[in-house]
RNA sequence: GACCCCAUUGUCUAGCGGUUAGGACAUCACCCUUUCACGGUGAAAGCACGGGUUCGAAUCCCGUUGGGGUCGCCA
């Protein structure tokens with residue numbers, strides 16, 4: 001029988017990183033076992049349902065590259081994949097329990113009689129865990145208004161959808177003996193269980209909606225690349241057991257085993273995610289960098305449909321291995337697109353107000369007027385020969401020039417930056433900074 | 001409170017009876033360098049505690065402490 005796993009989120013309005021990690025582990029296991037990854041929406045709580053909340057789940061999973069084989073938008077032989085559309089099925093199962101006297105009416109609600117016994121829960125990650133159900137109150141499975149409760153629908157769907165492995169958060173471990181009892185009462189063989197550890201905040205507290213990093217939907221806006229977030233999530237509760245940190249998904253799929261998933265919770269470390277994101281930005285193709293970076297610059301009004309794509313691409317290339325977040329792009333690159341770019345006060349103080357700096361800029365301006373061809377190598381050669389002639393260190397020209405042209409003391413390699421900026425912009429900015437012309441430079 | 005899970009540097013982890021306890025992020029030096037990153041070298045930082053078992057425990061057992069989870073007509 002082929003492996004079938006499912007991710008069964010409830011539309012709460014956000015996709016929690018813990019949930020995303022659960023989806024990721026299900027996806028990894030399905031791909032590893034060459035099985036099927038099912039997406040099922042647990043929307044039995046009608047008060048909380050909304051199309052927006054459901055879309056958040058879809059877009060979050062897609063952003064992370066977690067494609068499902070069966071489910072909403074995809075179809076499959078075991079649908080529908082929204083629990084709100086499966087009421088007849090649940091009713092049928094509830095009736096079976098009633099008929100078998102394994103459930104009963106209680107003030108309009110239906111309750112399942114939990115067996116008074118010790119139930120052994122075999123878990124692929126935690127090992128066998130025993131629970132004594134004898135003191136547990138019976139399980140409500142249908143409300144007086146006829147709506148169904150999680151425990152029933154979850155079990156019924158896992159039966160109906162022929163789920164073979166349930167990979168879910170450890171917060172469900174205590175529910176599992178009850179679910180096992182339900183499987184038994186319904187005469188169905190239960191799936192194999194794998195309860196994965198939880199993701200906590202950096203300080204060890206429970207991660208809730210409002211905590212930093214909790215919502216997958218926020219990562220794009222925060223400047224992360226999806227491949228970096230996905231890579232980071234793999235390492236929360238799992239490791240390849242060697243020293244690698246950056247792994248291709250194909251490699252993780254090949255290595256991923258449930259038996260290697262940790263039993264202890266992990267804490268979310270934003271610093272490490274940022275480092276990993278920087279690694280991904282530096283290593284990704286320039287095409288991908290442009291694809292993800294352009295929208296950020298557009299959103300900040302620096303780039304529009306009219307922007308020369310060749311220039312944009314060249315400009316992005318200069319900072320690709322420097323920035324760690326896409327959200328850093330506007331501050332790193334404004335001067336490429338605006339002549340009235342911000343001037344960093346400290347940088348100006350240090351480099352432009354320095355005695356002799358303005359003379360250097362004038363001399364450099366004269367030299368660069370004739371630079372040909374206008375490329376990084378020639379720019380470097382001309383600047384250095386000028387410095388040699390004047391018998392000063394190249395830095396005397398480099399630092400004021402950088403600040404004059406970009407308004408910042410940090411940035412891309414100077415010559416590459418000048419090449420991309422082009423002769424006209426560079427000469428104009430050198431003039432403005434040296435006082436040869438009065439410009440509209442922003443403070 | 002009851003029940004369940006867990007415990008290696010600040011964080012993520014390797015380790016699965018004998019290791020100078022390894023790697024990564026973060027921190028601090030130094031090197032590289034036109035800046036900032038990257039990269040390189042090095043430093044500081046860990047087996048929660050107490051009992052066992054054993055010739056020998058980070059590793060196995062028990063307890064304590066600490067953290068997390070579950071005890072809904074939420075999912």
Practice item. For the range A:101-119, enumerate the residues that are under 41 Å from the mean Cα position of the chain (by Cα) and either in a loop (DSSP other than H, G, I, E, B) or touching a residue at least 40 places away in the same chain (Cβ under 8 Å) (or both). Key: A:112, A:114, A:119
**Study point:** Selection within the range A:59-98 - surrounded by fewer than 18 Cβ atoms within 10 Å (Cβ to Cβ) and part of a helix (DSSP H, G or I)
**Key:** A:59, A:62, A:84, A:85, A:87, A:88, A:89, A:91, A:92, A:95, A:96, A:98
Study note, to complete from the structure: Counting only strands (runs of 3 or more DSSP E) wholly inside the range A:127-236, the ones holding at least 1 residues that are without any contact (Cβ under 8 Å) to a residue 60 or more places away in the chain and touching a strand residue (DSSP E or B) at 6+ places or on another chain (Cβ under 9 Å) are A:127-132, A:139-142
Exercise for review: May I ask you to say which residue of A:335, A:311 is within 17 Å of residue A:418 (Cβ to Cβ), at pLDDT 95 or above, more than 16 Å from RNA strand B (Cβ to nearest atom) and more than 27 Å from the chain's Cα centre (by Cα)?
Suggested key: A:311
Exercise for review: State which residue is surrounded by the fewest Cβ atoms within 10 Å (Cβ to Cβ) when the search covers only the range A:389-421 and only residues that are more than 10 Å from RNA strand B (Cβ to nearest atom) and part of a loop (DSSP other than H, G, I, E, B).
Suggested key: A:391
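Residue by residue, here is whether (1) near RNA strand B (Cβ under 9 Å from one of its atoms); (2) over 20 Å from residue A:208 (Cβ atoms); (3) at pLDDT 95 or above; (4) part of a loop (DSSP other than H, G, I, E, B) holds:
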| residue | (1), (2), (3), (4) |
| --- | --- |
| A:9 | yes, no, yes, yes |
| A:18 | no, no, yes, no |
| A:25 | no, yes, yes, no |
| A:34 | no, yes, yes, yes |
| A:43 | yes, yes, no, yes |
Exercise for review: Please tell me if residue A:432 is surrounded by 15 or more Cβ atoms within 10 Å (Cβ to Cβ), out of contact with any helix residue (DSSP H, G or I) (no Cβ under 7 Å at 6 or more places or on another chain) and part of a helix (DSSP H, G or I).
Suggested key: yes
Check your understanding: Can you find even one residue in the range A:249-259 that is in contact with a helix residue (DSSP H, G or I) (Cβ under 9 Å, 6 or more places away or on another chain), farther than 30 Å from residue A:324 by Cα and not assigned by TED's automatic domain parsing to the domain that holds residue A:137?
Key -> yes
Exercise for review: Among what's in the range A:133-150 and is near RNA strand B (Cβ under 8 Å from one of its atoms) and surrounded by fewer than 12 Cβ atoms within 10 Å (Cβ to Cβ), pick the residue that is farthest from residue A:104 (Cα to Cα).
Suggested key: A:135
Review point. Given the conditions (1) modelled with pLDDT of 95 or more; (2) surrounded by fewer than 22 Cβ atoms within 10 Å (Cβ to Cβ), which single one is not true for residue A:204?
Key: (1)
Study note, to complete from the structure: Going through the range A:245-271 in order, the residues found to be in a helix (DSSP H, G or I), more than 11 Å from RNA strand B (Cβ to nearest atom) and surrounded by fewer than 12 Cβ atoms within 10 Å (Cβ to Cβ) are A:250
Check your understanding: When the range A:158-174 is examined, which residues are found to be surrounded by 15 or more Cβ atoms within 10 Å (Cβ to Cβ) and near RNA strand B (Cβ under 10 Å from one of its atoms)?
Key -> A:168, A:169, A:170, A:172, A:173
Review point. Here are some residues: A:302, A:292. Which one is part of a loop (DSSP other than H, G, I, E, B), surrounded by 15 or more Cβ atoms within 10 Å (Cβ to Cβ) and more than 10 Å from RNA strand B (Cβ to nearest atom)?
Key: A:302
Exercise for review: Tell me which of these residue A:218 doesn't satisfy, since it passes every other one: (1) near RNA strand B (Cβ under 9 Å from one of its atoms); (2) within 15 Å of residue A:61 (Cα to Cα).
Suggested key: (1)
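The values are calculated or read from the model by the stated rules, or taken from the named source; none is laboratory data. It should be emphasised that the depicted structure is a prediction, and the values quoted were computed from it without experimental measurement. As a convention, Cβ positions derive from the backbone with ideal geometry for all residues, glycine included, and neighbour counts pool all protein chains shown.
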